[in-house]
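Some notes on the structure that comes next.
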């Protein structure tokens, strides 16, 4: 995450502050060489946060007077599990992670046996890490979401073959 403090000149407030932040975000994005996931700009009390997926272009087209940032569309819905298979589903809307921290070993991999209650992933929502656990025993046959991608509530994350 990149954080940039915008120059604050006491007189810039509300919509004007957001307009300044939008312009700075556009310049910063244009100057960056590689993919960036999140930028946070602040000018006094006004804060503009932009987040996108590296595969998609960044958009900073906030309508005047709005504090919302345009975000890319979410992932396409995953197909239902194959007949006879079960899916471990997202307990909340958030960002899916296969490991407890970057560089750590994933909770599970294809071919692993899992037992009920075993952690298989985490979903970060509002800076809280929500552990995703298997509700039944089985063998992992597919990880349906890529690490670091957004997920919707009840979206299938991991497909299990009953053990």
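For region 148-161, enumerate the residues that are surrounded by fewer than 18 Cβ atoms within 10 Å (Cβ to Cβ) and outside any strand (DSSP E or B). Selection gives 148, 149, 152, 153, 154. Do we find a residue being surrounded by 15 or more Cβ atoms within 10 Å (Cβ to Cβ), at pLDDT 75 or above and in a loop (DSSP other than H, G, I, E, B) anywhere in region 72-83? No. When residue 145 is tested against (1) under 21 Å from residue 161 (Cβ atoms); (2) part of a loop (DSSP other than H, G, I, E, B); (3) over 12 Å from the mean Cα position of the chain (by Cα), exactly one condition is not met: (3).
Taken as a whole, region 105-114 holds no residue that is without any contact (Cβ under 8 Å) to a residue 40 or more places away in the chain and under 16 Å from the mean Cα position of the chain (by Cα).
The values are calculated or read from the model by the stated rules, or taken from the named source; none is laboratory data. Bear in mind that the values here come from a model prediction, so they are computed numbers and not experimental data. Here Cβ is always computed from backbone atoms with ideal geometry, including for glycine, and neighbour counts include all displayed protein chains.
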